[in-house]
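What follows is a single structure, written as structure tokens, with notes after it.
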Amino acid sequence: MELRKSDYETYDYREFWQDNKRQYEDYSERTAIRKLFAGFENKGVIADIGCGFGRLFNEYNDFNQVIMLDYSVNNLKNTMQSVKDFYLKNPSAGKPSNIYFIAADAENIPLKNEKLDIAISVRLMHHLNSTSGFINEASRILKKDSVFILEFANKKNLKNILKFIFGKTASSPFSPEPLYIGETIRNYHPKEILKEIQKSGLQVKRLISVSNFRMAFLKNRIRAGILNKAENTAQSIFSFLRLGPSIFIKASKPKEGNAYEGSDLSGISGIIMCPSCRNNESGFLITENGITCSKCSRRFKITDGIYDLRI
Ligand SMILES: [Zn+2]
């Protein structure tokens, strides 16, 4: 079954998070991200791939260059608004020298090889048709000695295991193939994702099991503050069991030699690659409302500050 590419042009993804309905998941994910960011000093270039409406922007607003990438232009417009709102509320917060908003396919990322210090992707993988396509692209655009933070929905979670044991479902959470949830979502076996990461040339450094108490009866009965504290502890204890519905992986691209190249970004044209000819040396002619590849002459739109690099 092919997954639909994106529903977010017609559905406002902000609704999914509003009214504190998912305060616990939001807290859980941020806690995991902060653990995985800890100790990482090189705040050069970060890309949030599948950034949604920019919910997590304030976790990396102190990077020098931030790339917010999503397939949905609607999501990117909302991301711009989230960024504006964040600086209205926090005028003295750290500000990147550049924030780019790029509409693109995560399985054909229009960024040049080895440009990123960090790639982060949360709640994207379950929408993709090919996990290996995306993971290989992420590996390609990461610099050496950089970090990849990848979240995916875990089919082998505690709730699914219990349902299977008690005969409430026939589909085994232990089998390697993805589990389909409706028409738009896939859950994965952690082993399969770890394999894909290793195949792409990245090395897995850490795994955190997240949203360990995402069960309606707990969320309804237990105060958010208590659940959050329990989650923080559970992330440390349960991660080796990989039983949470959401898994965060930290992987890194091995360093070869010890020369650090540094950022040689000369604006947007130093970062982006043409998704049509995929020539890493491609340059671009940029005008106010369009951008043209110097190699294949393909034209892309720039609308309200969003680079639309979809094919
Ligand atoms: Zn081109």
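So the values come out like this:
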| item | result |
| --- | --- |
| Filtered residues of the stretch 270-295 (kept if more than 25 Å from the chain's Cα centre (by Cα) and in contact (Cβ under 8 Å) with a residue 60 or more places away in the chain) | none |
| Residue, modelled with the highest pLDDT, within the stretch 237-281, restricted to residues that are among the hydroxyl-bearing types (Ser, Thr, Tyr), in a loop (DSSP other than H, G, I, E, B) and more than 16 Å from the ligand (Cβ to nearest atom) | 239 |
| Residues being part of a helix (DSSP H, G or I) and of a type in the set (S, T, N, Q) - total across the stretch 186-236 | 7 |
| Within the stretch 282-311, considering residues that are among the charged types (D, E, K, R) and more than 11 Å from the ligand (Cβ to nearest atom), the one surrounded by the fewest Cβ atoms within 10 Å (Cβ to Cβ) | 288 |
| Counted residues, the stretch 91-124 - those being closer than 21 Å to residue 308 by Cα, touching a residue at least 60 places away in the same chain (Cβ under 8 Å) and not in a loop (DSSP other than H, G, I, E, B) | 12 |
| In the stretch 72-113, the residues that are under 21 Å from residue 127 (Cα atoms) and among the polar types (S, T, N, Q) | 72, 74, 75, 78, 79, 108 |
| Test: residue in the stretch 57-71 that is touching a residue at least 60 places away in the same chain (Cβ under 8 Å), closer than 15 Å to residue 14 by Cβ and either β-branched (Val, Ile, Thr) or buried (at least 20 other Cβ atoms within 10 Å of the Cβ) (or both) | yes |
| So residue 135, is it within 15 Å of the chain's Cα centre (by Cα) and either at pLDDT below 95 or in a strand (DSSP E or B) (or both) | no |
| Candidates 69, 36, 88, filtered to the one that is of a type in the set (A, V, I, L, M) and in contact with an Asp or Glu (Cβ under 9 Å, 6 or more places away or on another chain) | 69 |
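This table checks each residue for (1) at positive phi; (2) more than 17 Å from the chain's Cα centre (by Cα); (3) surrounded by fewer than 12 Cβ atoms within 10 Å (Cβ to Cβ); (4) modelled with pLDDT of 95 or more.
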| residue | (1), (2), (3), (4) |
| --- | --- |
| 157 | no, yes, no, no |
| 166 | no, yes, yes, no |
| 169 | no, yes, no, no |
| 206 | no, no, no, no |
| 228 | no, yes, no, no |
| 231 | no, yes, no, no |
| 235 | no, yes, no, no |
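The values are calculated or read from the model by the stated rules, or taken from the named source; none is laboratory data. Predicted model, so just to flag it, every value in this text is computed and none were measured. So basically every Cβ, Gly included, is an ideal-geometry build from the backbone, and we count neighbours across all protein chains shown.
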